[in-house]
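Input: a single structure, listed below in structure tokens.
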Amino acid sequence: MAVGFGIIGLGLIAEFHAKAIQAMSSARLVACLSRDRQKAERFAGVHRCRGYDSMSAFLQDPELEVVCVCTPSGAHLEAALPAIEAGRHVIVEKPLEITLERCDRMIEAAAKAGVQLAGIFPSRFHDLSLVAREAVDAGRFGRLTLGNAYVKWYRSQEYYDSGGWKGTRQYDGGGALMNQSIHAIDLLQWLMGPVERVAAFTGTLAHDRIEVEDTAVAGVQFANGALGTIEGATSVYPGFYKRIELLGTAGSVVLDEENITTWTFAEEQPDDSRIREQFRRSTRTGGGASDPASIGFHGHQRQFEDLQRVLDGTSGQPLVNGEEARKAVAIILAIYESARTGRPVRVQ
């Protein structure tokens, strides 16, 4: 039987969720929800599902099993909790929520209801990310010494002016880090290991009428002793692919979105030349660097398929369950606290 998916919140990212669901062989988009009845009807017409403007009616849809939460970041909890309490599995767009207290409420509610909770981080599911993780797990880097994430993106003033919630603390929760760089921050900590402490500066340097940062830098100390940096910006024209650097005593890897820039180890293995060639130019989109719509849905699709394997019993936990999705939020909030106080902050 195909798993029935529904989407709450019908902004830009909902289109990518819909395409990912419709590309799956054993899933169907059965329902969508917006407070705007006309928007719900338009979305439902395009994607051939049932449209609702009532949460209770949406959750009573007989075919609904998994709910995708695509509302503004600071409203994820209000969308997720009713779905969880109705016994639906929930997958939430990044960030899971904008405070740890709200993340924890969601995690605890899912555990109590016995349903799955996952957070969207499609970069973990890219082939190159998985190959890099295999190299880390195999110990090919020797001792990891430096881990860096760079997100030098561009967003126009019109981008922030176009939506009432963009750039606000209440609903965006933060700026270039919480909204854009969070993908790279999650990928960095997934590959390098937990982040223990940060020391940071943030600023709003290129935009007006926003309450959040458009430029941020942070020094990072990982639990394994490695050091690193995080740079996140929406102030850099024209915008560049996100970059992850994994550097150690026996090897170095540099990833530009889904491309390999560097793949070098002290002990070369037979697959290394193939990996370098396969991922030399494998990015097929703009990576969201200057246009938030210039991304693919393949990572979302793989993440939905990962959840589906959990639901059919062939896998134990989603790769990005609630606890995993919380980690990047905790790092970002620690960066904000460090920038506010001028002191290093331990990640909670």
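The values are calculated or read from the model by the stated rules, or taken from the named source; none is laboratory data. All values reported here derive from a predicted model rather than from experimental measurement. Every residue, glycine among them, receives a Cβ derived from its backbone with ideal geometry; neighbour counts consider all protein chains shown.
Summary of computed values
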read-out: Filter pass, S25 being at pLDDT below 95 and more than 16 Å from the chain's Cα centre (by Cα); value: yes
read-out: Residues being assigned to a loop (DSSP other than H, G, I, E, B) and surrounded by fewer than 17 Cβ atoms within 10 Å (Cβ to Cβ) - total across region 14-28; value: 2
read-out: Elements of type helices (runs of 4 or more DSSP H) in region 248-348, at least 2 residues being touching a helix residue (DSSP H, G or I) at 6+ places or on another chain (Cβ under 6 Å) and aliphatic (A, V, I, L, M); value: 322-341
read-out: Meets criteria (surrounded by 14 or more Cβ atoms within 10 Å (Cβ to Cβ) and closer than 25 Å to T234 by Cα) for L311; value: no
read-out: Pairs with Cβ under 6 Å, 6+ apart, first in region 84-106 and in contact (Cβ under 8 Å) with a residue 40 or more places away in the chain, second part of a strand (DSSP E or B) and among the small types (G, A, S); value: I91/A118; V92/G119; L96/G119
read-out: Search result, residues across region 94-115 that are outside any loop (DSSP other than H, G, I, E, B), under 21 Å from V310 (Cβ atoms) and among the hydrophobic types (A, V, I, L, M, F, W, C); value: C103, M106, I107, A109, A110, A111, A113
read-out: The lone exception for A31 - which of (1) surrounded by fewer than 24 Cβ atoms within 10 Å (Cβ to Cβ); (2) over 26 Å from A328 (Cβ atoms); (3) modelled with pLDDT of 95 or more it fails; value: (1)
read-out: Residue match in region 37-51 (condition: in contact with a Gly (Cβ under 7 Å, 6 or more places away or on another chain) and within 27 Å of K112 (Cα to Cα)); value: no
read-out: Criterion: surrounded by fewer than 24 Cβ atoms within 10 Å (Cβ to Cβ), of a type outside the set (A, V, I, L, M), touching a Leu at 6+ places or on another chain (Cβ under 9 Å) and more than 30 Å from R280 (Cβ to Cβ) - qualifying residue of R102, R133, R124; value: R102
